[in-house]
Amino acid sequence: QVQLVESGGGLVQPGGSLRLSCAASGSIFSTYPLAWYRQSPGKQRELVAAITSGRTTTYADSVKGRFTVSRDNAKKTVYLQMNSLKPEDTAVYYCNAGGYSHGSWGQGTQVTVSS
């Protein structure tokens, strides 16, 4: 199992940027598929972006061209660079290692996009 801690959330104006970080500890990090999910009140948790151990990336259609997921295996950290933020990006963002059903989750970090 791997333990995950997110950071970098906050309040930002529409059109602004944030970079989320997720630091891992405990197990071999480089072999894990990693992902960012988000959840808004009353909605299901949804996949935002994912990156495999081979660094292949996948994005939700709603964030393509605006968000970038990356990983630094030496630092055991996964990042989510979020640009051109919109109010509809407001949510709690969670990182995941090892898959939705059986993987590990962080505690979440709040991102609020508002003027």
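The residues of the range 66-78 that are closer than 17 Å to CYS22 by Cα and surrounded by fewer than 20 Cβ atoms within 10 Å (Cβ to Cβ), listed by number, are THR68, SER70, ASP72, ASN73, ALA74, LYS75, THR77. Which of the residues that make up the range 79-108 are over 16 Å from GLN44 (Cα atoms), open to solvent by less than 40 Å² (accessible area, probe 1.4 Å) and of a type in the set (S, T, N, Q)? Residue satisfying the conditions is SER104 alone. Condition first: of a type in the set (Gly, Ala, Ser), outside any strand (DSSP E or B) and modelled with pLDDT of 95 or more. Now tell me which residues in the range 54-89 satisfy that. Correct list: GLY54, ALA60, SER62, GLY65, SER84. VAL63 satisfies every condition listed in (1) touching an Asp or Glu at 6+ places or on another chain (Cβ under 9 Å); (2) aliphatic (A, V, I, L, M); (3) open to solvent by 60 Å² or more (accessible area, probe 1.4 Å) except (3). Pairing each residue of the range 93-111 that is touching a residue at least 12 places away in the same chain (Cβ under 8 Å) with any residue that is surrounded by fewer than 12 Cβ atoms within 10 Å (Cβ to Cβ), provided the two are 6+ apart or on different chains, yields C-beta distances under 6 Å for SER104/GLN1.
Looking at the range 90-101 only, could you name the residues that are under 15 Å from GLY9 (Cα atoms) and either in contact with a helix residue (DSSP H, G or I) (Cβ under 9 Å, 6 or more places away or on another chain) or not in a strand (DSSP E or B) (or both)? Break it down stepwise before answering.
First, the residues of the range 90-101 that are under 15 Å from GLY9 (Cα atoms): 90-95.
The answer is THR90, and nothing else.
The values are calculated or read from the model by the stated rules, or taken from the named source; none is laboratory data. Only a predicted model underlies this, so the values are computations on that prediction, with no experimental measurement involved. Positions of Cβ are backbone-derived with ideal geometry, glycine not excepted, and every protein chain shown enters the neighbour counts. Keep in mind that these areas ignore ligands, DNA and RNA; they rest on the heavy atoms of the full protein, side chains included. Shrake-Rupley method; radii C 1.70, N 1.55, O 1.52, S 1.80 Å.
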